[in-house]
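Here the structure comes first, spelled out in structure tokens, and everything after it is commentary.
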Amino acid sequence: MITKQFGVKLTNTENLSGVKEGQIVIIHTINAGRKAHRFLADLGIHEGEKIRVIKNDTGPIIVEVRGTRVALGRGLVSKIEVLLERAK
């Protein structure tokens, strides 16, 4: 289970497009086809991966994955569900 793996309490899932800048989330599911899954996997983005949202205002969303920044289009981002850390 993802909660045990990272040792933090998590809330419900949310679409990646709704995550605020600076927030760290864990990828829960990717609701896309094989080609999109492969594209994201090549970038290091897969279920269970921890990412940080760098920019989320207009245009593509920029996320940081394992120290590398990646720009993702909003169409693809709308297919990614993430788990949020619960506020303390």
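The values are calculated or read from the model by the stated rules, or taken from the named source; none is laboratory data. Everything quoted here is computed from the prediction, not taken from an experiment. Neighbour counts run over all protein chains shown; Cβ positions are idealised from the backbone, glycine included.
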**Complete:** Residue set VAL53, VAL70; condition under 20 Å from GLU85 (Cβ atoms) and out of contact with any helix residue (DSSP H, G or I) (no Cβ under 7 Å at 6 or more places or on another chain); output residue VAL53
**Near pairs, Cβ below 6 angstrom, 6+ apart or cross-chain, from the range 55-79 (in contact (Cβ under 8 Å) with a residue 60 or more places away in the chain) to any residue that is part of a strand (DSSP E or B) and aliphatic (A, V, I, L, M)** = VAL77/ILE61
**Request:** Go through ALA87, ALA36 for me and flag whichever is in contact with a helix residue (DSSP H, G or I) (Cβ under 7 Å, 6 or more places away or on another chain), modelled with pLDDT under 95 and among the aliphatic types (A, V, I, L, M).
**Result:** ALA36
**Request:** Name every residue in the range 59-69 that is more than 14 Å from GLY22 (Cα to Cα) and either part of a strand (DSSP E or B) or β-branched (Val, Ile, Thr) (or both), in order of residue number.
**Result:** THR68
**Complete:** Only one of (1) modelled with pLDDT of 95 or more; (2) buried (at least 16 other Cβ atoms within 10 Å of the Cβ) does not apply to LEU10, and that is (1)
**Item:** the range 32-58, residues that are part of a loop (DSSP other than H, G, I, E, B) and either surrounded by 15 or more Cβ atoms within 10 Å (Cβ to Cβ) or out of contact with any Asp or Glu (no Cβ under 8 Å at 6 or more places or on another chain) (or both)
**Value:** ALA32, GLY33, LEU43, GLY44, ILE45, HIS46, GLU47, GLY48, GLU49, ASN56, THR58
